[in-house]
Amino acid sequence: MTDSKQLFAKAKELIPGGVNSPVRACLSVQTDPLFIARGEGPFIYSEEGRRYIDYVLSWGPLILGHLHPEVKKALLETLEKGTSFGAPCALEIELAELIVDAIPGIEMVRMVNSGTEATMSAVRLARGYTKRKKIVKFIGCYHGHADSFLASAGSGVATLSIPGTPGIPEETVAHTLLAEYNDLDQVEDLFKRYGDDIAAVIVEPVAGNMGVILPEEGFLQGLRELTFRYGSLLIFDEVITGFRVDYRGAQGYFGIEPDLTCLGKIIGGGLPVGAYGGKKQIMEHIAPCGPVYQAGTLSGNPLAMSAGIATLKVLQTSDYKLLAEQTKKLALSLKEILEKKGLDVQVNTISSMFTLFFTDKPVKNFSQAKACEQEIFASFYRQMRKQGVYLAPSAFETSFNSFVHTEQEWQETLRAAEALEF
Ligand SMILES: *Cc1c(COP(=O)(O)O)cnc(C)c1O
(Lines give C-alpha, C1' and ligand atoms only; values in the text may rest on other atoms or scores of the structure.)
Protein backbone atom coordinates (compact mmCIF):
# COMPACT_ATOMS: atom_id res chain seq x y z
CA MET A 1 0.00 0.00 0.00
CA THR A 2 1.24 3.48 -0.76
CA ASP A 3 0.75 5.80 2.16
CA SER A 4 1.05 9.55 2.56
CA LYS A 5 4.49 9.29 4.18
CA GLN A 6 5.99 7.33 1.28
CA LEU A 7 4.36 9.59 -1.27
CA PHE A 8 5.60 12.71 0.49
CA ALA A 9 9.16 11.37 0.57
CA LYS A 10 9.02 10.67 -3.16
CA ALA A 11 7.30 13.99 -3.91
CA LYS A 12 10.06 15.90 -2.10
CA GLU A 13 12.60 14.48 -4.53
CA LEU A 14 10.67 15.69 -7.56
CA ILE A 15 8.68 18.77 -6.50
CA PRO A 16 10.07 21.62 -4.35
CA GLY A 17 8.97 20.85 -0.79
CA GLY A 18 6.89 18.00 -2.17
CA VAL A 19 3.96 20.33 -2.90
CA ASN A 20 2.67 22.57 -5.65
CA SER A 21 1.48 25.26 -3.23
CA PRO A 22 3.41 25.98 -0.01
CA VAL A 23 0.77 25.80 2.78
CA ARG A 24 -0.07 22.24 1.76
CA ALA A 25 3.26 21.12 3.20
CA CYS A 26 1.87 21.56 6.77
CA LEU A 27 5.13 23.15 8.00
CA SER A 28 3.54 25.60 10.44
CA VAL A 29 1.51 22.84 12.08
CA GLN A 30 4.63 20.67 12.33
CA THR A 31 3.39 17.58 10.59
CA ASP A 32 3.36 15.97 7.14
CA PRO A 33 0.59 16.45 4.60
CA LEU A 34 -1.99 13.80 3.83
CA PHE A 35 -2.13 12.69 0.23
CA ILE A 36 -5.74 12.67 -0.86
CA ALA A 37 -7.00 9.85 -3.03
CA ARG A 38 -10.59 11.02 -3.56
CA GLY A 39 -13.43 13.17 -2.27
CA GLU A 40 -17.17 12.71 -1.99
CA GLY A 41 -19.68 15.15 -0.52
CA PRO A 42 -18.29 16.59 2.74
CA PHE A 43 -15.53 13.96 2.93
CA ILE A 44 -12.05 13.40 1.62
CA TYR A 45 -10.22 10.08 1.75
CA SER A 46 -6.47 9.82 2.21
CA GLU A 47 -4.29 7.34 0.34
CA GLU A 48 -4.49 5.19 3.47
CA GLY A 49 -8.24 4.94 2.87
CA ARG A 50 -9.07 6.98 5.97
CA ARG A 51 -12.11 9.29 5.84
CA TYR A 52 -11.95 12.95 6.93
CA ILE A 53 -14.64 15.61 7.31
CA ASP A 54 -13.36 18.32 4.98
CA TYR A 55 -13.48 21.97 6.11
CA VAL A 56 -10.85 23.07 3.57
CA LEU A 57 -12.89 22.19 0.47
CA SER A 58 -10.01 22.86 -1.87
CA TRP A 59 -9.50 26.23 -0.06
CA GLY A 60 -13.04 27.40 -0.75
CA PRO A 61 -14.24 26.41 -4.22
CA LEU A 62 -16.23 23.34 -3.19
CA ILE A 63 -19.21 25.01 -1.53
CA LEU A 64 -21.24 22.08 -2.90
CA GLY A 65 -18.79 19.51 -1.57
CA HIS A 66 -16.83 17.00 -3.60
CA LEU A 67 -18.22 15.52 -6.77
CA HIS A 68 -21.64 17.14 -6.56
CA PRO A 69 -23.97 15.19 -8.93
CA GLU A 70 -24.89 18.30 -10.97
CA VAL A 71 -21.27 19.35 -11.40
CA LYS A 72 -20.20 15.83 -12.28
CA LYS A 73 -22.99 15.52 -14.85
CA ALA A 74 -22.11 18.85 -16.49
CA LEU A 75 -18.42 17.94 -16.63
CA LEU A 76 -19.06 14.55 -18.21
CA GLU A 77 -21.38 16.04 -20.83
CA THR A 78 -18.84 18.73 -21.73
CA LEU A 79 -15.93 16.28 -21.74
CA GLU A 80 -17.61 14.21 -24.46
CA LYS A 81 -17.30 17.22 -26.78
CA GLY A 82 -13.61 17.99 -26.27
CA THR A 83 -11.53 19.76 -23.65
CA SER A 84 -10.29 23.02 -25.18
CA PHE A 85 -10.73 24.91 -28.41
CA GLY A 86 -8.87 28.23 -28.10
CA ALA A 87 -11.91 29.74 -29.76
CA PRO A 88 -15.11 31.21 -28.30
CA CYS A 89 -17.69 28.74 -26.98
CA ALA A 90 -21.27 29.26 -25.81
CA LEU A 91 -20.51 28.13 -22.25
CA GLU A 92 -18.40 31.27 -21.71
CA ILE A 93 -21.45 33.44 -22.35
CA GLU A 94 -23.60 31.37 -20.05
CA LEU A 95 -21.20 31.72 -17.11
CA ALA A 96 -20.61 35.42 -17.87
CA GLU A 97 -24.36 36.03 -17.81
CA LEU A 98 -24.81 34.22 -14.49
CA ILE A 99 -21.99 36.33 -12.99
CA VAL A 100 -23.27 39.64 -14.40
CA ASP A 101 -26.79 38.89 -13.14
CA ALA A 102 -25.54 37.99 -9.66
CA ILE A 103 -22.76 40.45 -8.78
CA PRO A 104 -23.99 44.06 -8.53
CA GLY A 105 -20.71 45.72 -9.60
CA ILE A 106 -20.12 43.56 -12.68
CA GLU A 107 -21.50 44.61 -16.07
CA MET A 108 -18.83 42.85 -18.10
CA VAL A 109 -16.47 40.06 -17.18
CA ARG A 110 -13.26 38.49 -18.55
CA MET A 111 -12.38 34.87 -17.69
CA VAL A 112 -8.87 33.87 -16.68
CA ASN A 113 -7.38 30.71 -15.13
CA SER A 114 -6.71 31.60 -11.50
CA GLY A 115 -7.41 34.17 -8.82
CA THR A 116 -3.82 35.37 -9.19
CA GLU A 117 -4.42 36.17 -12.84
CA ALA A 118 -7.65 37.95 -11.97
CA THR A 119 -6.12 40.34 -9.43
CA MET A 120 -2.99 40.90 -11.49
CA SER A 121 -5.08 41.76 -14.55
CA ALA A 122 -7.52 43.95 -12.60
CA VAL A 123 -4.64 46.04 -11.27
CA ARG A 124 -3.12 46.35 -14.74
CA LEU A 125 -6.49 47.50 -16.01
CA ALA A 126 -6.87 49.99 -13.14
CA ARG A 127 -3.43 51.42 -13.90
CA GLY A 128 -4.11 51.54 -17.62
CA TYR A 129 -7.48 53.17 -17.11
CA THR A 130 -6.45 55.80 -14.55
CA LYS A 131 -2.93 56.31 -15.98
CA ARG A 132 -1.62 56.15 -12.40
CA LYS A 133 1.00 53.89 -10.83
CA LYS A 134 0.30 53.19 -7.18
CA ILE A 135 -2.04 50.74 -5.49
CA VAL A 136 -3.12 50.50 -1.87
CA LYS A 137 -3.32 47.04 -0.33
CA PHE A 138 -3.98 45.92 3.22
CA ILE A 139 -1.50 44.12 5.42
CA GLY A 140 -2.48 40.45 5.69
CA CYS A 141 -4.77 40.53 2.67
CA TYR A 142 -3.73 38.00 0.03
CA HIS A 143 -4.36 38.68 -3.63
CA GLY A 144 -2.51 35.80 -5.23
CA HIS A 145 1.21 35.64 -5.89
CA ALA A 146 1.74 38.35 -8.54
CA ASP A 147 4.80 40.50 -7.77
CA SER A 148 3.13 43.74 -6.79
CA PHE A 149 0.96 42.07 -4.12
CA LEU A 150 3.70 40.22 -2.27
CA ALA A 151 4.35 42.94 0.23
CA SER A 152 2.89 41.87 3.58
CA ALA A 153 0.56 39.30 2.08
CA GLY A 154 -1.34 36.89 4.30
CA SER A 155 -1.91 33.18 3.85
CA GLY A 156 1.11 31.10 2.86
CA VAL A 157 3.43 34.07 2.96
CA ALA A 158 2.24 34.86 6.48
CA THR A 159 2.55 31.26 7.58
CA LEU A 160 6.13 30.98 6.43
CA SER A 161 6.99 34.50 7.68
CA ILE A 162 8.72 35.39 4.45
CA PRO A 163 9.18 39.18 4.62
CA GLY A 164 7.79 39.83 1.19
CA THR A 165 9.89 37.46 -0.88
CA PRO A 166 13.20 37.42 -2.73
CA GLY A 167 12.87 37.64 -6.48
CA ILE A 168 10.88 40.84 -6.56
CA PRO A 169 12.74 44.09 -7.29
CA GLU A 170 12.16 46.85 -4.74
CA GLU A 171 11.00 49.05 -7.59
CA THR A 172 8.10 46.68 -8.23
CA VAL A 173 6.65 46.86 -4.72
CA ALA A 174 7.58 50.53 -4.38
CA HIS A 175 4.23 51.30 -5.97
CA THR A 176 2.38 49.13 -3.46
CA LEU A 177 1.25 51.20 -0.48
CA LEU A 178 0.28 49.36 2.69
CA ALA A 179 -2.35 50.03 5.32
CA GLU A 180 -3.70 48.06 8.28
CA TYR A 181 -7.06 46.35 7.62
CA ASN A 182 -9.97 48.25 9.18
CA ASP A 183 -7.88 51.42 9.56
CA LEU A 184 -9.51 54.07 7.40
CA ASP A 185 -7.33 56.86 8.81
CA GLN A 186 -4.21 55.21 7.40
CA VAL A 187 -5.82 54.99 3.98
CA GLU A 188 -6.84 58.61 4.14
CA ASP A 189 -3.26 59.59 5.00
CA LEU A 190 -1.99 57.66 1.98
CA PHE A 191 -4.47 59.48 -0.23
CA LYS A 192 -3.43 62.84 1.20
CA ARG A 193 0.19 62.08 0.30
CA TYR A 194 -0.15 60.16 -2.95
CA GLY A 195 -3.78 60.73 -4.00
CA ASP A 196 -3.02 61.84 -7.54
CA ASP A 197 -0.98 58.74 -8.22
CA ILE A 198 -3.17 56.03 -6.66
CA ALA A 199 -4.75 53.91 -9.39
CA ALA A 200 -6.69 51.65 -7.06
CA VAL A 201 -7.38 50.35 -3.60
CA ILE A 202 -7.62 46.57 -3.57
CA VAL A 203 -9.25 44.83 -0.62
CA GLU A 204 -10.79 41.55 0.45
CA PRO A 205 -14.24 42.81 1.53
CA VAL A 206 -14.10 40.09 4.17
CA ALA A 207 -10.49 39.12 4.83
CA GLY A 208 -10.02 35.38 4.49
CA ASN A 209 -6.28 34.97 4.31
CA MET A 210 -5.31 36.01 7.83
CA GLY A 211 -8.16 33.92 9.16
CA VAL A 212 -11.61 35.41 8.83
CA ILE A 213 -11.57 39.13 9.66
CA LEU A 214 -14.73 41.14 9.18
CA PRO A 215 -14.76 44.70 7.87
CA GLU A 216 -15.80 47.01 10.68
CA GLU A 217 -18.84 49.21 10.26
CA GLY A 218 -18.02 52.01 7.80
CA PHE A 219 -14.69 50.57 6.60
CA LEU A 220 -15.77 49.48 3.11
CA GLN A 221 -18.05 52.51 2.78
CA GLY A 222 -15.11 54.74 3.70
CA LEU A 223 -12.94 53.12 1.01
CA ARG A 224 -15.74 53.70 -1.50
CA GLU A 225 -15.93 57.39 -0.59
CA LEU A 226 -12.16 57.98 -0.57
CA THR A 227 -11.63 56.32 -3.95
CA PHE A 228 -14.49 58.36 -5.44
CA ARG A 229 -13.08 61.57 -4.03
CA TYR A 230 -9.58 60.97 -5.45
CA GLY A 231 -10.61 59.45 -8.78
CA SER A 232 -9.13 56.03 -7.91
CA LEU A 233 -10.78 52.69 -8.53
CA LEU A 234 -12.01 50.41 -5.77
CA ILE A 235 -11.24 46.75 -6.43
CA PHE A 236 -12.94 44.06 -4.36
CA ASP A 237 -10.99 40.84 -4.37
CA GLU A 238 -13.91 38.44 -4.03
CA VAL A 239 -11.96 35.34 -5.01
CA ILE A 240 -13.08 33.77 -1.71
CA THR A 241 -16.19 35.78 -0.90
CA GLY A 242 -17.83 35.73 -4.34
CA PHE A 243 -20.81 33.33 -4.18
CA ARG A 244 -19.53 32.33 -0.72
CA VAL A 245 -20.63 35.12 1.64
CA ASP A 246 -23.76 35.55 -0.44
CA TYR A 247 -24.89 34.72 -3.97
CA ARG A 248 -24.41 38.43 -4.74
CA GLY A 249 -20.91 38.38 -3.24
CA ALA A 250 -19.75 40.41 -0.25
CA GLN A 251 -20.62 43.56 -2.24
CA GLY A 252 -24.26 42.49 -2.41
CA TYR A 253 -24.20 41.47 1.24
CA PHE A 254 -22.82 44.82 2.41
CA GLY A 255 -24.47 46.93 -0.28
CA ILE A 256 -21.27 48.52 -1.61
CA GLU A 257 -20.38 48.53 -5.29
CA PRO A 258 -16.72 48.45 -6.28
CA ASP A 259 -15.47 49.51 -9.72
CA LEU A 260 -13.79 46.17 -10.37
CA THR A 261 -14.32 42.74 -8.84
CA CYS A 262 -12.03 39.72 -8.89
CA LEU A 263 -13.50 36.23 -8.73
CA GLY A 264 -12.13 32.69 -8.67
CA LYS A 265 -12.55 29.57 -6.56
CA ILE A 266 -16.34 28.93 -6.46
CA ILE A 267 -17.00 30.12 -10.02
CA GLY A 268 -14.84 27.25 -11.29
CA GLY A 269 -16.69 24.61 -9.28
CA GLY A 270 -13.36 22.93 -8.45
CA LEU A 271 -11.62 23.51 -11.78
CA PRO A 272 -8.89 26.12 -12.33
CA VAL A 273 -10.58 29.46 -12.96
CA GLY A 274 -10.58 33.17 -12.25
CA ALA A 275 -12.41 36.20 -13.58
CA TYR A 276 -12.39 39.95 -13.27
CA GLY A 277 -15.23 42.25 -14.10
CA GLY A 278 -16.73 45.64 -13.52
CA LYS A 279 -18.27 48.66 -15.12
CA LYS A 280 -18.54 48.37 -18.88
CA GLN A 281 -16.84 51.69 -19.43
CA ILE A 282 -13.74 50.41 -17.60
CA MET A 283 -13.80 46.84 -18.91
CA GLU A 284 -13.84 48.08 -22.49
CA HIS A 285 -10.26 49.24 -21.99
CA ILE A 286 -9.16 45.60 -22.22
CA ALA A 287 -7.82 44.19 -25.51
CA PRO A 288 -9.12 43.68 -28.12
CA CYS A 289 -11.63 46.53 -27.61
CA GLY A 290 -9.12 48.65 -25.70
CA PRO A 291 -5.35 49.06 -25.27
CA VAL A 292 -4.75 47.14 -21.99
CA TYR A 293 -3.38 43.74 -22.97
CA GLN A 294 -4.41 40.53 -21.25
CA ALA A 295 -4.78 37.04 -22.72
CA GLY A 296 -4.89 33.31 -21.94
CA THR A 297 -4.50 30.11 -23.95
CA LEU A 298 -6.92 28.16 -21.77
CA SER A 299 -9.09 31.06 -20.59
CA GLY A 300 -12.81 30.32 -20.79
CA ASN A 301 -12.01 26.62 -20.86
CA PRO A 302 -15.21 24.64 -21.52
CA LEU A 303 -14.71 22.19 -18.64
CA ALA A 304 -14.10 24.98 -16.14
CA MET A 305 -17.06 26.95 -17.52
CA SER A 306 -19.45 24.01 -17.23
CA ALA A 307 -18.39 23.19 -13.65
CA GLY A 308 -18.88 26.87 -12.77
CA ILE A 309 -22.28 27.09 -14.45
CA ALA A 310 -23.54 23.93 -12.74
CA THR A 311 -22.31 25.21 -9.37
CA LEU A 312 -23.91 28.65 -9.68
CA LYS A 313 -27.21 27.15 -10.82
CA VAL A 314 -27.39 25.00 -7.69
CA LEU A 315 -26.40 28.00 -5.56
CA GLN A 316 -29.28 30.06 -6.96
CA THR A 317 -31.68 27.96 -4.91
CA SER A 318 -29.41 27.31 -1.91
CA ASP A 319 -30.23 28.72 1.52
CA TYR A 320 -27.23 30.89 2.46
CA LYS A 321 -28.96 32.20 5.62
CA LEU A 322 -29.48 28.71 6.98
CA LEU A 323 -25.87 27.71 6.26
CA ALA A 324 -24.70 30.89 8.02
CA GLU A 325 -26.72 29.97 11.13
CA GLN A 326 -25.42 26.39 11.08
CA THR A 327 -21.84 27.59 10.69
CA LYS A 328 -22.15 30.07 13.54
CA LYS A 329 -23.59 27.37 15.78
CA LEU A 330 -20.75 24.98 14.93
CA ALA A 331 -18.06 27.63 15.51
CA LEU A 332 -19.55 28.82 18.81
CA SER A 333 -19.94 25.24 20.04
CA LEU A 334 -16.29 24.58 19.24
CA LYS A 335 -15.35 27.73 21.15
CA GLU A 336 -17.36 26.61 24.16
CA ILE A 337 -15.77 23.16 24.19
CA LEU A 338 -12.25 24.58 23.92
CA GLU A 339 -12.86 27.23 26.57
CA LYS A 340 -13.92 24.49 29.00
CA LYS A 341 -10.45 23.05 28.44
CA GLY A 342 -8.97 26.34 29.63
CA LEU A 343 -8.13 27.91 26.26
CA ASP A 344 -8.82 31.49 25.19
CA VAL A 345 -10.75 31.42 21.93
CA GLN A 346 -12.18 34.08 19.64
CA VAL A 347 -14.54 33.15 16.84
CA ASN A 348 -14.78 35.22 13.67
CA THR A 349 -17.49 34.03 11.34
CA ILE A 350 -19.62 35.18 8.44
CA SER A 351 -21.81 33.05 6.25
CA SER A 352 -20.08 29.68 5.75
CA MET A 353 -16.61 30.95 6.74
CA PHE A 354 -15.15 30.70 10.25
CA THR A 355 -11.85 30.93 12.09
CA LEU A 356 -10.98 30.09 15.68
CA PHE A 357 -8.26 32.40 17.00
CA PHE A 358 -6.49 31.29 20.15
CA THR A 359 -6.43 34.58 22.06
CA ASP A 360 -8.53 36.46 24.60
CA LYS A 361 -8.67 39.64 22.50
CA PRO A 362 -10.84 40.47 19.48
CA VAL A 363 -9.06 40.02 16.12
CA LYS A 364 -9.61 42.84 13.65
CA ASN A 365 -6.34 43.06 11.75
CA PHE A 366 -3.20 41.15 10.87
CA SER A 367 -1.08 42.19 13.88
CA GLN A 368 -3.81 40.92 16.17
CA ALA A 369 -4.07 37.67 14.17
CA LYS A 370 -0.31 37.18 14.41
CA ALA A 371 -0.42 37.67 18.17
CA CYS A 372 -2.50 34.50 18.63
CA GLU A 373 -1.15 31.25 20.04
CA GLN A 374 0.36 29.46 17.03
CA GLU A 375 1.51 26.45 19.05
CA ILE A 376 -1.98 25.82 20.40
CA PHE A 377 -3.38 26.11 16.90
CA ALA A 378 -0.83 23.58 15.62
CA SER A 379 -1.75 21.12 18.36
CA PHE A 380 -5.47 21.72 17.73
CA TYR A 381 -4.93 21.03 14.02
CA ARG A 382 -2.96 17.83 14.55
CA GLN A 383 -5.33 16.40 17.13
CA MET A 384 -8.43 17.17 15.07
CA ARG A 385 -6.86 15.55 12.02
CA LYS A 386 -5.98 12.47 14.03
CA GLN A 387 -9.67 12.16 14.77
CA GLY A 388 -10.82 12.55 11.19
CA VAL A 389 -11.49 16.29 10.96
CA TYR A 390 -9.56 18.05 8.20
CA LEU A 391 -8.95 21.77 8.84
CA ALA A 392 -6.70 24.21 7.00
CA PRO A 393 -3.10 23.61 8.15
CA SER A 394 -2.42 27.22 9.15
CA ALA A 395 -3.63 29.63 11.81
CA PHE A 396 -4.07 32.25 9.07
CA GLU A 397 -6.74 30.48 7.07
CA THR A 398 -10.48 30.21 6.95
CA SER A 399 -12.43 27.06 7.58
CA PHE A 400 -15.24 26.49 5.11
CA ASN A 401 -18.60 24.85 5.59
CA SER A 402 -20.61 23.57 2.63
CA PHE A 403 -24.18 22.96 1.58
CA VAL A 404 -23.58 19.20 1.81
CA HIS A 405 -22.24 19.03 5.36
CA THR A 406 -25.01 17.86 7.68
CA GLU A 407 -25.77 17.84 11.40
CA GLN A 408 -24.10 14.43 11.54
CA GLU A 409 -20.71 15.79 10.40
CA TRP A 410 -20.99 18.82 12.70
CA GLN A 411 -21.78 16.59 15.71
CA GLU A 412 -18.86 14.34 14.83
CA THR A 413 -16.64 17.44 14.65
CA LEU A 414 -17.77 18.57 18.10
CA ARG A 415 -17.19 15.10 19.56
CA ALA A 416 -13.65 15.22 18.15
CA ALA A 417 -13.10 18.57 19.88
CA GLU A 418 -14.39 17.17 23.20
CA ALA A 419 -11.59 14.61 23.13
CA LEU A 420 -8.74 17.11 22.67
CA GLU A 421 -6.03 17.54 25.31
CA PHE A 422 -3.86 20.62 25.79
C1 LIG B 1 -7.06 32.25 -3.36
C2 LIG B 1 -7.04 33.71 -3.48
C3 LIG B 1 -6.40 34.36 -4.56
C4 LIG B 1 -5.54 33.62 -5.54
O5 LIG B 1 -6.24 32.69 -6.29
P6 LIG B 1 -5.41 31.51 -7.00
O7 LIG B 1 -6.45 30.80 -7.80
O8 LIG B 1 -4.83 30.69 -5.89
O9 LIG B 1 -4.37 32.13 -7.83
C10 LIG B 1 -6.55 35.72 -4.68
N11 LIG B 1 -7.27 36.43 -3.79
C12 LIG B 1 -7.88 35.85 -2.75
C13 LIG B 1 -8.69 36.69 -1.82
C14 LIG B 1 -7.76 34.48 -2.55
O15 LIG B 1 -8.32 33.92 -1.47
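The values are calculated or read from the model by the stated rules, or taken from the named source; none is laboratory data. Not measured: the values here are computed from a predicted model. Glycine also receives a Cβ, built like all others from the backbone with ideal geometry; neighbour counts cover every protein chain displayed. Quick note on the areas: whole protein, heavy atoms, side chains included, nothing else; ligands and nucleic acids left out. Shrake-Rupley method; radii C 1.70, N 1.55, O 1.52, S 1.80 Å.
Here each label is just a point 7 Å from Cα along the line to Cβ, and for L332 and D185 those points are 3.3 nm apart. Partners of K361 within straight-line reach, counting lysines whose Cα lies under 26 Å from its Cα and excluding those fewer than 8 residues away in the same chain: K137, K328, K329, K335, K340, K341, K370.
Between the listed residues P104, L91, A395, the Cα displaced farthest toward the positive end of the dipole of the chain, a dipole computed from Cβ unit charges relative to the Cα centre, is found at L91.
E77 exposes around 110 Å² of accessible area when a 1.4 Å probe is run over every protein chain in place. For region 171-329, DSSP calls about 40 percent of its internal beta bridges antiparallel.
For region 69-315, rounded, prolate or oblate, judged on the Cα gyration tensor with a ≥ b ≥ c (square roots of eigenvalues), a/c < 1.5 rounded, else prolate if a/b > b/c? Intermediate values should be presented prior to the final figure.
On the way: a/c = 1.65, a/b = 1.61, b/c = 1.03.
Because a/c hits 1.5 or more and a/b exceeds b/c, region 69-315 counts as prolate.
PRE reach from R382 (point 7 Å along Cα→Cβ): which of region 1-19 fall under 19 Å by backbone N? Within reach of a label on R382: 4-6, 8-9.
I'd like to check one number: the per residue accessible area of region 180-285, probe 1.4 Å, reported in Å² as a whole number. All intermediate terms of the calculation are to be shown ahead of the outcome.
Details: 3410 Å² over 106 residues.
Heavy-atom accessible area per residue stands at 32 Å².
By accessible area, using a 1.4 Å probe on protein heavy atoms only, the chain has 52% of its surface on carbon and sulfur. For the pair D3 and E107, the difference between a 0.36 nm per residue extended length and the Cα-Cα distance amounts to 32.6 nm. Across the chain, Cα pairs under 8 Å and at least six residues apart give a relative contact order of 22 percent. Near the amide H of Y142, within less than 5 Å, lie the amide hydrogens of G154, G208, N209, all on another chain or at least 5 residues away, with H placed in the peptide plane.
Quick check: residue separation of A37 and H285 times 0.36 nm, minus the Cα distance between them. What number comes out in nm? If you can, show how the numbers build up before the last one.
Working: separation 248, 0.36 × 248 = 89.28 nm, distance 4.38 nm.
Additional length available on full extension: 84.9 nm.
Within the same chain, lysines fewer than 8 places from K81 are excluded, and of the rest, those with a Cα less than 30 Å from its Cα are K72, K73, K265, K313.
Couplings 3J(HN,Hα) for region 206-211, derived from phi with the Karplus relation 6.51 cos²θ - 1.76 cosθ + 1.60 (θ = phi - 60°), are 10, 6, x, 10, 10, x Hz, where x marks Gly and Pro.
Can you give me the relative contact order of region 69-315 as a percent, contacts being Cα pairs under 8 Å and 6 or more apart?
Once divided by the residue count of region 69-315, the mean separation gives 31 percent.
The residue list A287, I139, P215 was ranked by how far each Cα lies along the charge dipole of region 69-315 toward its positive end, using unit charges on Cβ atoms, and A287 comes out on top.
So if we plug the beta-carbon distance of E13 and E170 into 1/(1 + (r/R0)^6) with R0 = 30 Å, what FRET efficiency do we get, rounded to 0.05? Each step should come with its number before you reach the end.
On the way: r = 35 Å, r/R0 = 1.16.
With a Förster radius of 30 Å, E is 0.30.
Label positions at Y293 and L178, each projected 7 Å from the Cα along the C-beta direction, are separated by 3.2 nm. Taking a ≥ b ≥ c as the square roots of the eigenvalues of the Cα gyration tensor, region 185-236 is classed as prolate, since a/c reaches at least 1.5 and a/b is larger than b/c.
Once the C-beta distance of E97 and E407 is scaled by a Förster radius of 45 Å, the resulting FRET efficiency is 0.80 to the nearest 0.05.
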